[in-house]
Amino acid sequence: MTDPILGGARPGPQALSSAISAILAVSATTAASAQEQPAEVTGLDEVIVTATKRAESLQDVSESISAFDTDAIAMRGLQQIDDVAKYIPGLSLAQREPGGTTIVFRGVASSGLQFGAVSSSALYLDEQPITQSGRSPDPRFIDIERVEALRGPQGTLYGASSQSGTLRVITNKPDPSGFDAWAEAELSSVAGGSEGYDVSGMLNVPIGERVALRLVGFTAEDAGYVDNVLSDSQGGTFDNANVVAKDVNSIETSGGRAALRFDISENVDLTLGAIYQEIQADGHSDMNEGLGDLKQVRFEEESLSDEWTQLSLTLNASLPFADLVVAGSYFDRKFEYEADATDYEASLNNPIYVAYDFGVDPRGFATNNEDTEIETLEVRLQSASDAESRWSWLAGAFYSKETGHTEFGSFIRGYADTPSFAYFNYYEQNLTGNSLVPTDQWWLGVYDTELKQKALFGEVGFDVTENFTITAGGRWFEYERFYRLRQEHPIGFTGFNLLDDAVDNDESGSVMKLNLTYNIDDDHMVYATYSEGFRNGGSNPVRPISILPREFSSDTLDNYEVGAKTEWMDNRLRFNVAAYLMEWNDFAVQVEDPQNGGVDEDDVPIPNVFALGYVNLPTAEIPGIEAELTFVVNDAWQVDASLGYNDAQISEETVLTLVDDQGRAFERPVEKGARLPLTPDWSASLGVEWRSRGELLSAQPFVRADFAYVGEVVTNLEGFESVIGQAGVSTQDAYETGDLRLGLESESWTAALFVRNVTDERAVTFRSNRWAEPRLSIIQPRTYGVQFRYDF
């Protein structure tokens, strides 16, 4: 069957079902064979995580957590966040472009595009949150110790942006115990696209007995696969022949890390770190809806640049009565893009409303320049990990300051010759006696933000019996938020279209957590948790005529969860499951000012405000299930699987009502049962790994196959969308995808062949209405490659 939007094969459940059945049949046959010829079978390796700010076994932490260590990242060929997300139940992404990622845990999202609100999910790089709403950076997975996905509210230990979950990327640290080094190279080719490469290396050097230096470097080019094709403009007066090109969306990524560790004494160590990453893209990866396979139409050159640096200091000290951790970090990011906006500006072009009369057939582009700085400091003291007391405790203090400066500009070629420019120039001359300087820029938005957060947090646990533990935690927080918005329309105009507004707001509060854990025995544990999460509120800088509220309040999340963590068959089978019910209270969603021009029933003019802001809606209810399984069938075969179900929806019928100064009420209803966006109802994954019992070329052959299913997703909350101009609810179809990897692994080298997206699916990961004509982001088409790694 052909997909009417993309023109390619529509994903269906049959392909994945057949593959799963075949693999399970092979696994069963292999298991039977193993019974006929017994061989020594080892259990699953212990996975150590630091989700609770302590190093603990994954199976001992009574939370719903997924973790991928260095070996798992390498075996699956994971390179960045979108690679790992499909294997984590309860985690979904909306990714428009490199560095334009929205991370969503358990369906807690109100829109795919967010401007001016705090994220509901956090991204941590080591000890620092580097979350940016709708535009979180994407650290390359080079020399990564572990990726941890902490599902559910993490507000007591991780703060505001951890309302629904936290994704942690943890880098490998210097090791003074010995020299280590490796180098890796990869070549790849995308079906219907170009070629790519990836080169990286690591060097760990002990300096004496107490100091070690670790250096990491990488450079890569991800192949392009989207073509900018020839097309006439909407008005037919020009075409895009000068920018037509193939494979416009290639991406170059480079960067490195340096970390220096000092073992000051047997009980004290200090690590200094620096991380740098840069992304350069020649074009954007989204396609025009309905145009055809791997095609877009752009009339202007597009580009993207994302450059960031993190500096960090971490002190660990084992005191006689407790363990002390002091972690300070500084993050600096510059994000820029240039995008074709011809369709967007044509949609605004209105000869009747002269302010938007851009002429016969406007052609234009938009630029966006963002600077972000994040400073964080956390100090925590916790009971020693080897303490024999029935009590355990942790207490800490947290401070962060985030500042942002963004300049967004819209340009129309020849704008100074349009009726719109003449209209504003006439008013400027009458208002000030001055004329506007001729320009192509018809819009400027300058956004300045500052968010300061302070918090005190702690947890205490008590072993009521040898098997039963109660843990309680809490966090007191206070934040101050400043938001200034300046808009010039057009650039230089000082009259009625000028907006220059600044709003301060602050808030304090607390969240808590209560956990009951019962260890049936060493291999089986059940738990029940009540936890709370919060997300900072904010302000809406708007023109005086806007009827949007000046402020919107913080929203809260109440999570009721039960789960089990179990191991069976002498640690060969691991099965973890969690069921939850969450209530998202007073959640903030971005809306357009409903005053959209024209006149009311009394012929009173209604202004066109052209503004976005946040309002609070009452309640959403989110039930769900998460399950993960890993099974060592025998000494050659291993199977792992995951399953997620989420039903995030509005729990009561709601009517948003805003009233203007004329007493006119503007209503927008939201039906009970309306789905929250960006999260599939069902998701699943299956991985099968085989390692030979023999050798080939003095190495061990291996094969790894991974399949993932992602269910249908709605892209926006019914009746609301975070762009000017409303649209109905749109959906992204369910899809299935698979990866295959086979190779040889010895003590000193690894060689592998791989195929990503084996079935060459055209799966949509985000549908954006940002530029009027819908643009679709998709997963990378089928990609073949070869990889070689040498360990020195």
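The values are calculated or read from the model by the stated rules, or taken from the named source; none is laboratory data. Everything numeric here is computed off the predicted structure, so don't read it as measured data. A quick note on method: Cβ atoms are made from the backbone with ideal geometry, for glycine too, and the neighbour counts reach across all protein chains shown. Side chains included, ligands, DNA and RNA excluded: accessible areas come from the protein's heavy atoms. Shrake-Rupley method; radii C 1.70, N 1.55, O 1.52, S 1.80 Å.
Would a scan of segment 222-238 turn up a residue that is of a type in the set (D, E, K, R), more than 29 Å from residue 91 (Cα to Cα) and in a loop (DSSP other than H, G, I, E, B)?
No.
Give the residue, chosen from 475, 486, 481, that is in contact with a Gly (Cβ under 9 Å, 6 or more places away or on another chain), within 30 Å of residue 513 (Cα to Cα) and without any contact (Cβ under 8 Å) to a residue 60 or more places away in the chain.
On the way: 475 fails: without any contact (Cβ under 8 Å) to a residue 60 or more places away in the chain; 486 fails: within 30 Å of residue 513 (Cα to Cα).
Only one candidate qualifies: 481.
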*With respect to residue 548, is the statement that it is assigned to a strand (DSSP E or B), at pLDDT below 95 and aliphatic (A, V, I, L, M) true?*
no
*asked:* Of all residues being out of contact with any strand residue (DSSP E or B) (no Cβ under 7 Å at 6 or more places or on another chain) and among the acidic types (Asp, Glu) in segment 375-418, which is farthest from residue 492 (Cα to Cα)? Just the residue, please.
replied: 388
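Residues are listed down the side, and each one gets a yes or a no for (1) within 24 Å of the chain's Cα centre (by Cα); (2) touching a residue at least 40 places away in the same chain (Cβ under 8 Å):
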| residue | (1), (2) |
| --- | --- |
| 578 | yes, yes |
| 581 | yes, yes |
| 587 | yes, yes |
| 597 | no, yes |
| 606 | no, yes |
| 619 | yes, no |
| 622 | yes, yes |
_Would you confirm whether or not segment 638-651 contains a residue that is over 30 Å from residue 561 (Cα atoms) and open to solvent by 60 Å² or more (accessible area, probe 1.4 Å)?_
no
_So, residue 199, is that one among the hydrophobic types (A, V, I, L, M, F, W, C), touching a residue at least 12 places away in the same chain (Cβ under 8 Å), surrounded by fewer than 18 Cβ atoms within 10 Å (Cβ to Cβ) and under 30 Å from residue 292 (Cα atoms) or not?_
no
*Of the numbered conditions (1) within 20 Å of the chain's Cα centre (by Cα); (2) touching a residue at least 60 places away in the same chain (Cβ under 8 Å), residue 681 fails exactly one; give the number of that condition.*
(2)
_For segment 172-188: of the residues being small (Gly, Ala, Ser) and surrounded by 15 or more Cβ atoms within 10 Å (Cβ to Cβ), which is nearest to the chain's Cα centre (by Cα)?_
188
*Does at least one position in segment 719-726 carry a residue that is modelled with pLDDT under 90, assigned to a strand (DSSP E or B) and over 17 Å from residue 76 (Cβ atoms)?*
no
*Where in segment 565-663 are there strands (runs of 3 or more DSSP E), lying fully within it, with 2 or more residues that are modelled with pLDDT under 95 and more than 29 Å from residue 63 (Cα to Cα)?*
573-592, 612-632, 654-659
*Of the criteria (1) part of a strand (DSSP E or B); (2) open to solvent by 30 Å² or more (accessible area, probe 1.4 Å); (3) touching a Ser or Thr at 6+ places or on another chain (Cβ under 9 Å); (4) not polar (S, T, N, Q), which one residue 776 fails*: (2)
*Can you run down the residue pairs with Cβ atoms below 8 Å, 6 or more apart or on separate chains, where the first is in segment 693-708 and within 30 Å of residue 643 (Cβ to Cβ) and among the basic types (Lys, Arg) and the partner is open to solvent by 50 Å² or more (accessible area, probe 1.4 Å) and at pLDDT 95 or above?*
704/690; 704/740; 704/742
*Enumeration of residues in segment 561-593 that are within 30 Å of residue 613 (Cα to Cα), of a type in the set (A, V, I, L, M) and open to solvent by 10 Å² or more (accessible area, probe 1.4 Å)*: 581
*Residues of segment 413-429 satisfying the condition of being more than 40 Å from the chain's Cα centre (by Cα) and not in a helix (DSSP H, G or I)*: 418
*Out of the residues in segment 736-771 that are open to solvent by less than 40 Å² (accessible area, probe 1.4 Å) and among the aliphatic types (A, V, I, L, M), which is farthest from the chain's Cα centre (by Cα)?*
744
_If residue 409 satisfies all but one of (1) assigned to a helix (DSSP H, G or I); (2) open to solvent by less than 10 Å² (accessible area, probe 1.4 Å), what's the number of the condition it fails?_
(1)
*If we keep just the residues of segment 285-307 that are among the charged types (D, E, K, R) and touching a helix residue (DSSP H, G or I) at 6+ places or on another chain (Cβ under 8 Å), which is farthest from residue 772 (Cα to Cα)?*
301
*In segment 261-296, how many residues are farther than 23 Å from residue 780 by Cβ and either crowded, with 22+ Cβ neighbours inside 10 Å or of a type outside the set (S, T, N, Q) (or both)?*
13
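From the list 346, 322, 341, 327, which one is in contact with a Gly (Cβ under 8 Å, 6 or more places away or on another chain), open to solvent by less than 10 Å² (accessible area, probe 1.4 Å) and among the aliphatic types (A, V, I, L, M)?
Being in contact with a Gly (Cβ under 8 Å, 6 or more places away or on another chain), open to solvent by less than 10 Å² (accessible area, probe 1.4 Å) and among the aliphatic types (A, V, I, L, M) holds for just one of 346, 322, 341, 327, which is 341.
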*Examine segment 766-782 for a residue that is within 18 Å of residue 690 (Cα to Cα), small (Gly, Ala, Ser) and touching a residue at least 40 places away in the same chain (Cβ under 8 Å), and state whether such a residue exists.*
no
*Residues satisfying the stated conditions in segment 158-209, i.e. charged (D, E, K, R) and part of a strand (DSSP E or B)*: 168, 180, 184, 186, 195, 198
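Do we find that residue 299 is in contact with an Asp or Glu (Cβ under 8 Å, 6 or more places away or on another chain), surrounded by 17 or more Cβ atoms within 10 Å (Cβ to Cβ) and more than 30 Å from residue 367 (Cα to Cα) in this structure? Break it down into steps so the answer makes sense when it comes.
Working: in contact with an Asp or Glu (Cβ under 8 Å, 6 or more places away or on another chain): yes; surrounded by 17 or more Cβ atoms within 10 Å (Cβ to Cβ): yes; more than 30 Å from residue 367 (Cα to Cα): no.
Spelling it out, it is not the case that residue 299 is in contact with an Asp or Glu (Cβ under 8 Å, 6 or more places away or on another chain), surrounded by 17 or more Cβ atoms within 10 Å (Cβ to Cβ) and more than 30 Å from residue 367 (Cα to Cα).
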*Under the condition of being among the hydrophobic types (A, V, I, L, M, F, W, C) and part of a loop (DSSP other than H, G, I, E, B), which residue from segment 349-398 is modelled with the highest pLDDT?*
358
*Read through the list (1) of a type in the set (A, V, I, L, M, F, W, C); (2) exposed (fewer than 13 other Cβ atoms within 10 Å of the Cβ); (3) modelled with pLDDT of 90 or more, then give the number of the only condition that residue 39 fails.*
(3)
*Are any of the residues in segment 680-693 within 17 Å of residue 86 (Cβ to Cβ) and β-branched (Val, Ile, Thr)?*
yes
*Applying the selection to segment 146-157, what residues are surrounded by fewer than 24 Cβ atoms within 10 Å (Cβ to Cβ) and assigned to a loop (DSSP other than H, G, I, E, B)?*
none
*asked:* The conditions are (1) among the β-branched types (Val, Ile, Thr); (2) open to solvent by 20 Å² or more (accessible area, probe 1.4 Å); (3) closer than 24 Å to residue 172 by Cα, and residue 253 fails exactly one of them. Which is it?
replied: (2)
_Looking at residue 98 and the list (1) at pLDDT 95 or above; (2) open to solvent by 10 Å² or more (accessible area, probe 1.4 Å), which single condition is not satisfied?_
(1)
